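Q: One structure, pasted below without further comment.
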Amino acid sequence: MSVFINKNSRVVYQGFTGQHATFHAEEAIKHGTNIVGGVTPGKGGSVHLDRPVFDTVSDAVGQAGADVSGIFVPPQFAADAILEAVEAGIKTIVVIADGIPVQDMVRVKRYVLDHDAIIFGPNTAGVITPEECKVGIMPASIYQPGRVGVVSRSGTLNYEAVAQMTALGHGQSTSVGIGGDPINGANFVDVLKAFNEDPDTDAVVLIGEIGGGQEVDAAEWAKKHMDKPIIGFIAGVSAPAGRRMGHAGAIISGEADTAEAKMNLMENLGVHVVRNPAEIGETVDRVLKQKATTVESGREPVHGEAVES
Amino acid sequence: MNIHEYQTKELLKSFGVPVPQGRVADSEASAGIIAEQIGGERWVVKAQIHAGGRGKGGGVQLADSIDEVRKHADHIIGNRLITPQTSAAGKLVQRVLIESAQNITREFYLGLIIDRVAQRITIIASASGGMDIEEVAKTNPEKVIREAVDPSIGLPEFQCRKIAARIGLTGSLMPQAVKLMQALYRCFRDKDALMAEINPLAVVDGDKLLAVDAKMSFDGNAVHRYPEITNYRDFDEEDPKEVEATGHGLNYIALEGSVGCIVNGAGLAMATMDAITLHGGNPANFLDVGGGASPKKIANAFRIVRKDPNVKAILLNIFAGINRCDWVAEGVVQAMQKQAISEPVIVRLSGTNYELGQEILNRSGLPFITATDLDDAARKAVDAVHNL
């Protein structure tokens, strides 16, 4: 099983005929993704990659039954493209564009509150359910079907973690990029909720970064609601304190913002925190073996239980 | 993108925020002329640099005569100003803002920020204005008011009245505060700002509200929409290596260590720096080459990293998704051949077209140190520095 996207997803690409979208659509099709068409305003009625091109997302929903959108338009047009997808009734929207103005996203987030849609990104490598559906720019070859959910802000650090896990034989149920921008769609808690309800996800790898409190909020939520183990890493222990102008940023973000502080808080909340980014795969392996042992010995695994190394 | 105080005040004034009378001067002579034109008996001479805490560094001076204005301007312009927010070397001051001095009775703080928790534009206000607002937020958080703005209705008058009442801007000051907050919000929204701060927002002459100091910064992804804001950019305030990197589509931040880093993606770049630190080394920089890096872009990355004289070894860590390892490898080979690189170069490639990239490196016969994974790469880079 999986979360958010699977082999039944009917995917539309916005900005379909562009160079990047074309390349990644071809990759996705090779990976088994059911791309039902694309949207490029002005090119409606034509055919691209053997699939219909529509002028509007609304047409793609009405005529091709699209329910997932991958947004590949340039950042200055991306907010409008997201609004169009939401208005057309698309339920799952993956926004690859990097460099969307922050206030554009503030307005998008307000609009989506009144609609039943979930946005991943912007500035995400995308979402992939291995060998079923890929909406994004990640190299499919490093993913394999499995029972570990992955959620991250960074794209390439997601690849790093996944490659380490896959090398040790641990595949992924679904891997989700929520994007690196300050204002993004789905947050860590939204994704943890989905993994928690997915019977085919046994554990979750959560990869965060300095800045913001999303990772700690997620750990707090998990402590209350989740029995599946979480393996966490926060990038940026060696990053310099942000250069800033004025004080408003420091006031709003507070002191719990550094990678070190976040990792300590998460550890206290029961997350298996990895300090070395090269040891994410090993830690997943150790935690899953520990979980298997405790289940065999008849003990219920407790979320956040200390794992002996 | 940051701008100067005098630019911020010019912009805010055009939106209807009351600011002191003043103008910017780039010499002792023009400072004197401006002070005469402003008139009055007392002036303030303020150094214009992109850093706060200027008063503590001696960059803000009161003058009681035109001669004194000129004397302060002469002293400040052309010298380096060190404040708690600059490096130890300080920043070269090229301009001063000359304003009429104000008779201040009360000081408030008013700021606007994109709050990533609320995911909205949020107003921050406090009756404790002045320099130590960060300290107030730590020790007396209840004295700092926060109000998120719903983008579907903007900032209504009632919300401004609520904020004003809570920080004690009552009586005849309340309607002035409402007007000022709405003007500040409009400016913030219409120019895609990321931060605006009026500190202090002062009551002067007993009953007038005035933005005595102001700072703003703007969204680099949106400034192309506003040529007037783009024109405010002051390249002298930025690290020349960082400016050059931005021109090549690279995101570079100089640090103080000895291992130069070239990585794709901000998260992996930070994790690479973390791994170097865990192995006992120190990263010389953060550098994200981004997606779709051409051989030329990779070669430029080498050039920028090597401008830092502290760099003793270079670690290239690429996990290609949207990138291609063959293009990256070509860039590395070009850089090694054309730039006569003598530092050890550690290369770790993974992901899209990995085999092609590795083949290009092997065929070149150049002395790379290849690494199999992140841990191996970090260890080899730190060893390379230690073995020099």
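The values are calculated or read from the model by the stated rules, or taken from the named source; none is laboratory data. Note that this is a predicted model, so its numbers are computed, not measured. As a convention, Cβ positions derive from the backbone with ideal geometry for all residues, glycine included, and neighbour counts pool all protein chains shown.
Q: Name the residue that is farthest from the other protein chains (Cβ to nearest Cβ), counting only residues in segment A:92-103 that are hydrophobic (A, V, I, L, M, F, W, C) and touching a residue at least 40 places away in the same chain (Cβ under 8 Å). Quick ask: steps written out before the conclusion?
A: Initially, segment A:92-103 is screened for residues hydrophobic (A, V, I, L, M, F, W, C), giving A:93-97, A:100, A:102.
Going one step further and asking which of them are touching a residue at least 40 places away in the same chain (Cβ under 8 Å), we end up with A:93-96, A:100, A:102.
Details: A:Ile93: 16, A:Val94: 14, A:Val95: 14, A:Ile96: 9, A:Ile100: 7, A:Val102: 5 Å.
Checking each candidate, the answer is A:Ile93.
Q: Among all residue pairs at least 6 apart or on different chains, which show Cβ distances below 7 Å where the first residue, located in segment B:227-255, is at negative phi and the second is outside any loop (DSSP other than H, G, I, E, B) and among the hydroxyl-bearing types (Ser, Thr, Tyr)?
A: Final answer for the pair search is B:Lys241/B:Tyr252; B:Glu242/B:Tyr252; B:Ala245/B:Tyr252.
Q: Now, a different point. With respect to A:Ala79, determine if the residue is closer than 17 Å to A:Asn184 by Cα and either in contact (Cβ under 8 Å) with a residue 24 or more places away in the chain or within 9 Å of chain B (Cβ to nearest Cβ) (or both).
A: yes
Q: Give the residue, chosen from B:Val149, B:Val136, B:Val144, that is surrounded by 12 or more Cβ atoms within 10 Å (Cβ to Cβ), touching a Leu at 6+ places or on another chain (Cβ under 9 Å) and at negative phi.
A: Numbers: B:Val136 fails: touching a Leu at 6+ places or on another chain (Cβ under 9 Å); B:Val144 fails: touching a Leu at 6+ places or on another chain (Cβ under 9 Å).
None of the others qualify; the one that does is B:Val149.
Conditions tested, residue by residue: (1) assigned to a helix (DSSP H, G or I); (2) farther than 14 Å from A:Val135 by Cα; (3) within 14 Å of another protein chain (Cβ to nearest Cβ).
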residue	(1), (2), (3)
A:Asp59	yes, yes, no
A:Ala66	no, no, no
A:Gly70	no, no, yes
A:Glu84	yes, yes, no
A:Met105	yes, yes, yes
A:Tyr111	yes, yes, yes
A:Asp116	no, yes, no
A:Pro122	no, no, yes
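Q: Looking at the structure I just gave you, is B:Ile198 in a strand (DSSP E or B), modelled with pLDDT under 90 and of a type in the set (Val, Ile, Thr)? Spell out how you get there, then give the answer.
A: On the way: in a strand (DSSP E or B): yes; modelled with pLDDT under 90: no; of a type in the set (Val, Ile, Thr): yes.
For B:Ile198, the condition - in a strand (DSSP E or B), modelled with pLDDT under 90 and of a type in the set (Val, Ile, Thr) - is not met.
Q: Across segment A:158-173, what is the number of residues that are crowded, with 24+ Cβ neighbours inside 10 Å, outside any strand (DSSP E or B) and in contact with a Phe, Trp or Tyr (Cβ under 8 Å, 6 or more places away or on another chain)?
A: So the count comes out to 4.
Q: Checking A:Ser141 against (1) part of a strand (DSSP E or B); (2) free of Cβ contacts under 8 Å to residues at least 12 places away in the same chain: exactly one of these is not met. Which one?
A: Tallying (1) part of a strand (DSSP E or B); (2) free of Cβ contacts under 8 Å to residues at least 12 places away in the same chain, A:Ser141 fails exactly one: (1).
Q: Go through segment A:204-229 and report how many residues are surrounded by 21 or more Cβ atoms within 10 Å (Cβ to Cβ) and in contact (Cβ under 8 Å) with a residue 60 or more places away in the chain.
A: So the answer is 5.
Q: Just to be sure I understand the filter: pairs with C-beta atoms under 6 Å, separated by 6 or more residues or on different chains, first member in segment B:260-273 and free of Cβ contacts under 8 Å to residues at least 12 places away in the same chain, second member of a type outside the set (Asp, Glu). Which pairs pass?
A: Taking only residues 6 or more apart or on different chains, the pairs are B:Gly267/A:Ser154; B:Gly267/A:Leu157; B:Gly267/A:Ala235.
Q: Ok, one more. Kindly establish whether B:Asp326 is within 14 Å of another protein chain (Cβ to nearest Cβ) and either in contact (Cβ under 8 Å) with a residue 24 or more places away in the chain or among the acidic types (Asp, Glu) (or both). Give the derivation first.
A: Values: within 14 Å of another protein chain (Cβ to nearest Cβ): yes; either in contact (Cβ under 8 Å) with a residue 24 or more places away in the chain or among the acidic types (Asp, Glu) (or both): yes.
So B:Asp326 passes the test.
Q: Does A:Ser152 fit the bill of being without any contact (Cβ under 8 Å) to a residue 12 or more places away in the chain and within 9 Å of chain B (Cβ to nearest Cβ)?
A: Against the criterion (without any contact (Cβ under 8 Å) to a residue 12 or more places away in the chain and within 9 Å of chain B (Cβ to nearest Cβ)), A:Ser152 does not qualify.
Q: Of the residues B:Asn221, B:Asn231, B:Asn285, B:Asn264, which single one is of a type in the set (S, T, N, Q), farther than 30 Å from B:Ile145 by Cα and surrounded by fewer than 24 Cβ atoms within 10 Å (Cβ to Cβ)? Quick ask: steps written out before the conclusion?
A: Values: B:Asn221 fails: farther than 30 Å from B:Ile145 by Cα; B:Asn285 fails: surrounded by fewer than 24 Cβ atoms within 10 Å (Cβ to Cβ); B:Asn264 fails: surrounded by fewer than 24 Cβ atoms within 10 Å (Cβ to Cβ).
Criteria check complete, one pass: B:Asn231.
Q: Same structure again: Could you tell me which residue of segment B:78-106 is nearest to B:Ile153 (Cα to Cα), considering only residues that are within 14 Å of another protein chain (Cβ to nearest Cβ) and buried (at least 17 other Cβ atoms within 10 Å of the Cβ)?
A: Residues of segment B:78-106 within 14 Å of another protein chain (Cβ to nearest Cβ): B:83-87, B:91.
This time we only want the ones that are buried (at least 17 other Cβ atoms within 10 Å of the Cβ), so: B:83, B:85-86, B:91.
On the way: B:Thr83: 40, B:Gln85: 37, B:Thr86: 39, B:Lys91: 42 Å.
Among them, the one singled out is B:Gln85.
Q: For segment B:248-279: of the residues being facing chain A (nearest Cβ under 8 Å) and assigned to a loop (DSSP other than H, G, I, E, B), which is farthest from A:Val274 (Cα to Cα)?
A: It comes out as B:Leu255.
Q: Checking the condition within 13 Å of another protein chain (Cβ to nearest Cβ) and either over 24 Å from B:Gly291 (Cα atoms) or in contact with a strand residue (DSSP E or B) (Cβ under 6 Å, 6 or more places away or on another chain) (or both), which residue from A:Gly126, A:Gly89 passes?
A: Numbers: A:Gly89 fails: within 13 Å of another protein chain (Cβ to nearest Cβ).
Result: A:Gly126 is the single residue among A:Gly126, A:Gly89 that is within 13 Å of another protein chain (Cβ to nearest Cβ) and either over 24 Å from B:Gly291 (Cα atoms) or in contact with a strand residue (DSSP E or B) (Cβ under 6 Å, 6 or more places away or on another chain) (or both).
Q: Exactly one condition in (1) within 14 Å of another protein chain (Cβ to nearest Cβ); (2) surrounded by fewer than 22 Cβ atoms within 10 Å (Cβ to Cβ) is not met by B:Leu374; state its number.
A: (2)
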